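Chemist: Sharing a structure, written as structure tokens. Questions coming.
The values are calculated or read from the model by the stated rules, or taken from the named source; none is laboratory data. For clarity, every value in this text was computed on a predicted model and none was experimentally measured. FYI the Cβ positions are ideal-geometry reconstructions off the backbone, even for glycines, and counts take in every protein chain you see. What goes into the accessible areas is simple: the full protein's heavy atoms, side chains included, and nothing from ligands, DNA or RNA. Shrake-Rupley method; radii C 1.70, N 1.55, O 1.52, S 1.80 Å.
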Amino acid sequence: MKQSIPTYDLSSITQHGILIERIEKRTINKVDNLFDKGIHRDSHYIFTFLESGRARMMVDFKVVESRDAAVFFLLPGQVHEGILMEDVTGWFVAVKADLLPDAVRSVFEESLVDIQPISVDKNWIEKLSTCAGMLQMSCTEEILGSKEGFLVIQSFINAFSGMYAMIFLGENSLGVSHESRAIQLTRTFRILVRKEFKTMKSPSAYAEALNISRGYLTDVIREVTGKSAQYWIHQEVLIEAKRLLSFTHLTVKEIAYELGYSDHAYFSRLFSKVEGCPPSEFRDKSRK
């Protein structure tokens, strides 16, 4: 275990911000070029498209499993570890966030639901496979090295990630064009919390940043999610704290400071209240 959770960047592999690999009938168990990093984060998006087979991984303390034809994606910063690939055929695509259209990023990053693998039908399999294949053929040094060629690659990235967004929206019925003001505000609040939870700890701070009253913010968040605004702030703090407790050797005091708390005793009390056990006890349980 390392002092901090390692974060990997595509720049160590490619200077172009995209990596695509075709997978054919692959079976592994934590030992492969896609899974040899152990527990880690990535600074880029990962899109996994299974045409057939079974895959299992840990993502932020939850084991997720894909079977048969399914799509799954990971957001930058999510802690994860590959566990199993069994007779998998499909595609693995890693893309830097700045290469994705803003509309696609907003679908993924502002989601109000847990990200889970989604089964796809033959129609989607054909479209995704065709697009991925064309993207891979385009990703040659000759094409990547020219401005015009990269525009072609960008178009395929937009198409591939856009299809993921359509599948995700279709599964979760989150059409942006039909959203109410309340849902739009909730999305904006949630993404702001994910970015600023280390420095902004109160609903009042977020209400001020969003140019609305604290009362309006708290009412809307509770109406849409069933939980308070403070709950969602604490959840972001808690999941990052659990990551650091489980996967680093940082002390509780150091973790508190990392998360923006100068008073580590207050942080410990907050963690105990929300999680149901002290940070040290959670760490002990997670390592058994």
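Chemist: Here is a check on your reading of the model: is PHE271 touching a residue at least 24 places away in the same chain (Cβ under 8 Å), touching a Pro at 6+ places or on another chain (Cβ under 6 Å), within 24 Å of HIS80 (Cβ to Cβ) and not hydroxyl-bearing (Ser, Thr, Tyr)? Quick ask: steps written out before the conclusion?
Modeler: Values: touching a residue at least 24 places away in the same chain (Cβ under 8 Å): yes; touching a Pro at 6+ places or on another chain (Cβ under 6 Å): yes; within 24 Å of HIS80 (Cβ to Cβ): yes; not hydroxyl-bearing (Ser, Thr, Tyr): yes.
Yes, satisfied.
Chemist: Are any residues in segment 129-138 farther than 14 Å from ASN158 by Cβ and buried (at least 19 other Cβ atoms within 10 Å of the Cβ), and if so, which ones? So that I can check it myself, show each step before the final result.
Modeler: Initial filter on segment 129-138 (farther than 14 Å from ASN158 by Cβ): 129-130, 133, 136-137.
Those that are farther than 14 Å from ASN158 by Cβ and buried (at least 19 other Cβ atoms within 10 Å of the Cβ): none in segment 129-138.
Chemist: Then there is this: Pick from GLY260, GLY276: which is open to solvent by less than 50 Å² (accessible area, probe 1.4 Å) and not β-branched (Val, Ile, Thr)? Outline the logic, then answer.
Modeler: On the way: GLY276 fails: open to solvent by less than 50 Å² (accessible area, probe 1.4 Å).
Only one candidate passes the filter, namely GLY260.
Chemist: Only one of GLU208, GLU240 is acidic (Asp, Glu), surrounded by 20 or more Cβ atoms within 10 Å (Cβ to Cβ) and assigned to a helix (DSSP H, G or I). Can you tell me which?
Modeler: GLU240
Chemist: If you don't mind, there's one more thing I want to ask. Might you let me know whether segment 142-151 holds any residue that is within 28 Å of ILE191 (Cα to Cα), free of Cβ contacts under 8 Å to residues at least 60 places away in the same chain and either surrounded by fewer than 15 Cβ atoms within 10 Å (Cβ to Cβ) or not aliphatic (A, V, I, L, M) (or both)? Reasoning before the result, please.
Modeler: First, pick out the residues of segment 142-151 that are within 28 Å of ILE191 (Cα to Cα): none.
No, because not a single residue in segment 142-151 is within 28 Å of ILE191 (Cα to Cα), free of Cβ contacts under 8 Å to residues at least 60 places away in the same chain and either surrounded by fewer than 15 Cβ atoms within 10 Å (Cβ to Cβ) or not aliphatic (A, V, I, L, M) (or both).
Chemist: Give segment 221-232 a look and list any residue that's among the hydrophobic types (A, V, I, L, M, F, W, C) and either open to solvent by 40 Å² or more (accessible area, probe 1.4 Å) or in contact with a Pro (Cβ under 7 Å, 6 or more places away or on another chain) (or both), or say none.
Modeler: Initially, segment 221-232 is screened for residues among the hydrophobic types (A, V, I, L, M, F, W, C), giving 221, 224, 229, 232.
Listed by number, the residues that qualify are VAL224, ALA229, TRP232.
Chemist: If you take the residues in segment 99-127 that are part of a loop (DSSP other than H, G, I, E, B), β-branched (Val, Ile, Thr) and within 15 Å of the chain's Cα centre (by Cα), which one is surrounded by the most Cβ atoms within 10 Å (Cβ to Cβ)? Reasoning before the result, please.
Modeler: Just the residues of segment 99-127 that are part of a loop (DSSP other than H, G, I, E, B), to begin with: 100-101, 110-117, 120-121.
Adding the requirement that they be β-branched (Val, Ile, Thr) leaves 113, 115, 120.
In the following step, the residues that additionally are within 15 Å of the chain's Cα centre (by Cα) were identified as 113, 115.
Numbers: VAL113: 10, ILE115: 18.
Only one residue fits best here, namely ILE115.
Chemist: Residues of segment 174-194 being open to solvent by 30 Å² or more (accessible area, probe 1.4 Å), at pLDDT 85 or above and either in a loop (DSSP other than H, G, I, E, B) or more than 16 Å from HIS234 (Cβ to Cβ) (or both), which ones?
Modeler: Within segment 174-194, just THR188 meets the criteria.
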